[in-house]
Amino acid sequence: MRLLRLELLPPSVVGCHMPRRPSRNLMRALILFLSLLAPLLTSCGEEEDSRVWLKGDLHLHSDHSHDARDNPLSALVPLAESLGMDYFVITDHDNHVNGKLTTWDDPHYRSDAMVLLYGVEWTTGRGHANFFGAERFEHERLYALRESSGEQVAEEAARQSLHFSINHPIGKDLWEYGFDHHFDSIEIWNALFLAPNRNRDAIALWESLVMEQGRRIPIRGGSDCHHQEGGEAEIFNIGNPTTWVYARDRSGEAVLNALGRGNASISYAPTAERLELWADADGDGKYELLMGDTIESVPESLAFDLRVEGTHPGDSYRVLIIKDGETLLEETVRAVQPRLTLTFRDSPNGRTFYRAELRAEPPLRHLQTTLPEAYGDMIALTNPIYVGYP
Ligand SMILES: [Zn+2]
Ligand SMILES: [Zn+2]
């Protein structure tokens with residue numbers, strides 16, 4: 001593996017970045033510089049980008065699922081609104097109602113504060129998948145394809161312009177339709193990072209698919225929240241984890257478009273730190289490639305910019321950059337501002353993908369639980385930037 005360098009970028013953009021291990025004096029100077037330039041920082045490399053970060057949860061059950069009777073829609077919608085969710089979707093089990101969904105007609109399925117998507121968990125004996133639409137769709141046509149092939153399901157989803165997302169591919173309900181057919185995203189972070197699904201194994205599976213198939217596969221999270229009462233509700237709830245999408249506007253279509261492009265990252269809670277991974281493909285000092293994007297021709301080297309929003313000054317974080325499934329860089333960084341930026345440069349070896357993880361112990365202040373260890377140390381992770389991928 002090629003060793004990576006962390007470096008200060010040219011003076012024109014250095015104000016947005018921190019060196020690998022800044023000396024105390026340099027740190028003070030940077031803090032001063034950063035605080036003076038604070039109003040300018042958000043525009044660094046993002047001129048004329050009017051997109052917005054929207055957060056939501058992409059896997060939730062309400063009392064329209066038989067195993068979620070204590071999760072009434074009348075309580076879920078206000079709870080999601082109180083958590084500041086920008087978009088929201090309920091993905092009830094279709095097999096509990098023989099494919100005739102009732103969720104969308106529930107008078108409580110409405111919100112003025114959030115973009116509501118139309119969703120369902122296609123729940124079969126050979127695996128589960130979520131379908132998402134910006135509008136109502138004909139789910140019975142998908143329900144009828146339970147014994148069909150993955151290709152046929154993908155064709156029907158495409159015919160209805162739906163987002164087809166495989167759920168928890170490894171764990172209690174394995175995905176047995178294979179991975180050769182088209183799908184729009186895969187849930188690699190279901191509920192708590194450590195349990196009940198094997199999310200780390202799901203990530204390894206996804207990375208191997210990306211490498212073996214030479215195919216971009218967007219990733220997402222989903223809480224799979226079923227309860228507001230009992231033990232499970234003590235540990236996690238809506239937004240554990242939260243999926244952030246960078247959408248052109250506040251509409252269901254824009255949310256699904258960003259999700260389908262992989263312009264998204266996942267955080268363990270709606271109030272947790274959020275990651276953005278950007279790259280400068282043409283060497284002009286502007287970071288125009290966002291996680292999920294690809295640059296088809298392979299440049300000699302690329303500059304990357306990892307931004308962490310919502311850091312807690314004084315807290316230490318471990319930042320990991322992962323290249324083709326292997327750790328390229330691991331840095332411990334102490335936050336001095338509510339935003340942290342790490343820049344680095346690397347030479348891709350042909351077809352390559354880069355992604356980032358942020359690790360630390362989740363602090364209790366963000367959780368509705370007394371069991372933070374159930375979360376593991378995964379704070380957030382990104383979709384990859386792809387190099388040499390179509
Ligand atoms: Zn499921
Ligand atoms: Zn589910």
Whole-Å distance linking the alpha carbon centroid of region 66-118 with that of region 160-202 is 21
Dipole magnitude (debye, nearest 20) for the chain, charges at Cβ of Lys, Arg, Asp, Glu: 1260
Given axes a ≥ b ≥ c from the Cα gyration tensor, I'd like to know whether region 149-206 is rounded (a/c under 1.5), prolate (a/b larger than b/c) or oblate. prolate
Around residue 198, under 15 Å between beta carbons, what's the net of Lys plus Arg minus Asp minus Glu among the other residues? -3
Multiply the residue separation of residue 282 and residue 349 by 0.36 nm, subtract the distance between their alpha-carbon atoms, and state the gained length in nm to one decimal. 22.4 nm
Provide the per-residue ³J(HN,Hα) series for region 63-74, in order, calculated from phi with Karplus coefficients 6.51, -1.76, 1.60 and θ = phi - 60°, each as a whole number of Hz, with x at glycine and proline positions. 5, 8, 9, 5, 9, 9, 4, 9, 10, x, 3, 4
For residue 330 and residue 211, what is the calculated FRET efficiency with R₀ set at 30 Å and r taken between the beta-carbons, to the nearest 0.05? 0.90
I'd like the orientation of helix 199-213 relative to the chain: the angle between its Cα long axis and the longest Cα principal axis, in ° from 0 to 90, rounded to 10. 80
Cα-based shape type of region 52-267, given that a ≥ b ≥ c are square roots of the gyration tensor eigenvalues and the cut on a/c is 1.5: rounded
For region 39-171, list log₁₀ I(q)/I(0) at each q in 0.10, 0.13, 0.22 Å⁻¹, using the Debye formula over Cα point scatterers of equal strength and ignoring solvent, two decimals each. -0.38, -0.60, -1.33
Descending semi-axes in whole angstrom, ellipsoid equivalent of region 172-316, from the Cα gyration tensor: 28, 21, 15
Counting each pair of different Cα atoms once, what's the Kirkwood radius of region 233-390 in Å, rounded to one decimal? 16.3
At a Förster distance of 30 Å, what's the computed FRET efficiency of residue 318 paired with residue 48, Cβ-Cβ distance as r, to 0.05? 0.30
With a 1.4 angstrom probe the carbon and sulfur portion of accessible area for the chain, in percent, totals 50
Please report, in debye to the nearest 20, how large the charge dipole of region 52-267 is about its Cα centre when each Lys and Arg carries +1 at its beta carbon and each Asp and Glu carries -1 there. 540
Once the chain is represented by equal point scatterers at the alpha-carbon sites, with solvent omitted, what log10 I(q)/I(0) does the Debye formula produce at q = 0.10, 0.14 Å⁻¹? -0.63, -1.22
Can you compute the FRET efficiency between residue 373 and residue 82 using 1/(1 + (r/R0)^6), with r the Cβ-Cβ distance and R0 = 35 Å? Round to the nearest 0.05. 0.85
Cα gyration tensor of region 249-325, axes a ≥ b ≥ c as square roots of the eigenvalues: rounded (a/c below 1.5), prolate (a/b > b/c) or oblate? oblate
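The values are calculated or read from the model by the stated rules, or taken from the named source; none is laboratory data. Just so it is clear, the structure is predicted and the values come from calculations on it, not from any experiment. Don't worry about glycine lacking a Cβ; one is built from the backbone with ideal geometry, like all the others, and counts go over all protein chains shown. Accessible surface areas use protein heavy atoms only, side chains included; no ligands, DNA or RNA. Shrake-Rupley method; radii C 1.70, N 1.55, O 1.52, S 1.80 Å.
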